[in-house]
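A short reminder: the numbers here are calculations on the coordinates, not readings from a lab. Computed from a prediction, not measured in an experiment: that's the story for all the values here. Note: ideal-geometry Cβ built from the backbone for every residue, glycine included; neighbour counts use all protein chains shown.
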Amino acid sequence: MRNEWRDDAIRRSDAIDQLIYQARIIGQEDSLVLWGGGNTSFKFIEHDFNGKSVRVMCVKGSGSDMKATTRRDFPAVRLDDLIPLFDRDDLSDDVMVECVMRALVDPSSPRPSIETLLHAFVPFDAVLHTHADALLTVMNTRGREATVRNCFGDDMLTVPYRRPGFLLSKETGLAIRANPNARGLLLMNHGLVTWGDTPKQAYDRHIELVTQAEEYVNRNWSIAIRQSEFIDRQPTIANRPSFAEKISPLLRGALGKERRVVIRFDDGDGVMNFLQHPDAKMLVESGAATPDHTLYTKRNAAWADIRPLIERNASAEEIANEIRNSIHAFALRDNDFFDANRDSLNLSQDDLRFVSHIPRVILAPGIGMWTVGKDARAAKIASDVFHHTISIMLGANALGGYASLSQKDALDIEYWPMELYRLSLQPAERELSRRVALVTGAANGIGKAVALRLAKEGAHVIVADIDLTSAQAVADEIVAANGIDRAIAIRMNVTDEASVLSAFAQSCLAYGGVDIVVSNAGIARTSSITDLTLDEWNASLSVNATGHFLVAREAMRVMKSQGTGGSIVFNATKNVTAPGKDFGAYSASKAAEAQLCRVVAIEGGEYGIRANMVNPDAIFNTNLWTDQIRQSRAKAAGIDVGQLEAHYAKRNLLQTKVTAEDVAEAIFWLASDRSSKTTGAMIPIDGGLRESFPR
Ligand code: ZN
């Protein structure tokens, strides 16, 4: 591993600047730390508000991400308050956290890392701790102590596995105090600790040890790869994505019977090579590598043995059934193990809400991997972490055998009260969280307003539009406001069957399916019947009738596969109930859409699939109002184009201007469970037009 330290990259040379710089270059390397893992500290003399000099330690705050740290992420604690704790025999987690909080120099600082005492007890100024893959590979081997000696000789200290807390901190402190000249210390099945007089020294030693471990693993791994060239590799399904897109909604439904989940499919080389390995199943059944890995991916991944089905060319449905059986078996096993050990976990009644027996990683050799989360971010983290697990498993296997964290130790981490407390502090989920919404024509106007509105309520949004560039801009806006992977942009032409099928397939691979579909894309052509060309008539029917049919058909297919209901909202028009002069093609094609919506409601009812429509009128901030339409409407009303918006506002009962955001509000209501008893309905959003009252 390359040493990235550049002295001239640090602006000032104050202690915290060095620490921030070190944390950032560590955080950029994801084979050292993942998603907020790892921590670092520096001890120095500071002057308090009385001008008195105090010895403090700045340590990374709990949960902050190394690569994005700022000064605020390094709360300072008074060492005189913490060092005396070293003489205690034991300290519960609660008391330890309380002591650390009381030692804060600034009580309003973020909560310091759970590993603060470990840093405090090391008798050196700079301490760095990561969960480096290469070291975890060396440690997660059968006969781990011997492997560590083989790799590093005798100048590496080790502390047997123990859950983070006071005792692990004390044992670390004792080991380093007894051997201050050791090169580093390994917390078995957990991570690496190095120290020095400055953050640079701790960093240099860290990189040196990681490099040595990498070289040791690579040497052994390449021998193992050469030996495995002749082994029997698992077969793979030829047309994997088309199977995966059919299987994903079935899995998402099976996993989300009680609470919906988002799932993510991955059949990249890293996953497929692992799944083809003859030892893959044995490795997966062994368990997770470290406490950190356990928290993101659970103790084990679910393994679905579908090799016999692939060999006899079984259908996607049969394969999905087999995977569902594996998930069911996983949940039963997980439940049994939890029940057998629950007394030792000391969970409160309130903690029980965090108990879950569904897998976070599902491996189906021949197809790929699904990862599961409450949202796309959690599913992505599980995927990233499992990729690292794969490299640790295969590396350790090549070093003589992978030996994971024990099942009991992993369960203790999964339901560790400190971790459950952290989960309980997370903000409440939003109304549409865990849901996936596909909006057509979402690049601008009403579609864009709807996409933003649903995302604001917590939904993952597929921004579908024929104009991919503008759709991407909307998706980017959603991601910037709501977080990573919250939206994807897809090019979709609603009149093209293949394009509609492909958009839904992409949704199934990215999120596992859909819960809300807003069929919004439409066009408006004006012409008297006598002047209307056949081309214009056909184009209108193609987008405003056939387009809605193709979208609704795929939506129903995916929703039926999931078996968790759904809501389809059609954007129709006031012209359905009150057609206008020169709007023959528009009104007739939109009437077809309205009847389609009702039939979807009739056929979807038994599956919990609701279908409703909104009838907006005179929404000027959309692409529908082309210059040509503005001019023709102004002419029909006998006014100037400039007066058009005011004219429309005046003609409704509320004498008000209606906007795309008003339509989005009604669509949100229909998409959400707030309208769970409503289907087949039509809601005008037109400021009140007597002639278009639904009849
Ligand atoms: Zn750690």
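In table form, for the structure just shown:
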quantity	calculated
Residues of type aspartates and glutamates that residue 200 reaches as a straight line, Cα spacing below 17 Å, ignoring anything fewer than 8 places off in the same chain	4, 7, 8, 14, 17, 29, 125, 208
Cα-Cα over 19 Å, subset of 257/374; 380/408; 374/456; 298/408; 298/380	380/408
Calculated P(r) tail over 17 Å for region 395-489, as whole % of Cα pairs	61 percent
Kirkwood hydrodynamic radius (C-alpha pairs) into Stokes-Einstein, region 155-296, 4 °C and 1.567 mPa s, D in µm²/s	66 µm²/s
Charged-residue dipole, Cβ positions (Lys, Arg, Asp, Glu), region 237-375 about Cα centre, Debye nearest 20	320 debye
From the C-alpha gyration tensor of region 93-142, square roots of 5λ in Å	28, 13, 11
Translational diffusion coefficient (Stokes-Einstein; Kirkwood radius from C-alpha pairs) of region 500-554 at 10 °C, 1.306 mPa s, in µm²/s	122 µm²/s
MRE, 222 nm, helices only [DSSP H, n ≥ 4, -39500 (n - 2.57), over the chain, to nearest 500]	-14500 deg cm²/dmol
Net charge dipole size for region 570-677 [Lys, Arg +1 and Asp, Glu -1 on Cβ; Debye, nearest 20]	340 debye
12 Å Cα-Cα reach of residue 574 towards aspartates and glutamates, excluding residues that sit fewer than 8 places from it in its own chain	617, 686, 691
Segment residue 223-residue 673, length gained on full extension (0.36 nm per residue, minus Cα span)	156.2 nm
Long-range tail of P(r) for the chain (Cα pairs > 37 Å, %)	49 percent
For region 14-96, alpha-carbon Rg over 2.2 N^0.38 Å	1.24
Spatial extent of region 1-43: Rg and Dmax, with the Cα atoms as the point set, Å	10.9, 28
Unit charges at the beta carbon, dipole of the chain: most positive-side option, 74, 291, 426	426
Equivalent ellipsoid, region 570-666 (semi-axes from 5 times Cα gyration tensor eigenvalues, Å)	29, 15, 10
Segment residue 154-residue 627, extension gain: residue separation times 0.36 nm, minus the distance between their alpha carbons	162.2 nm
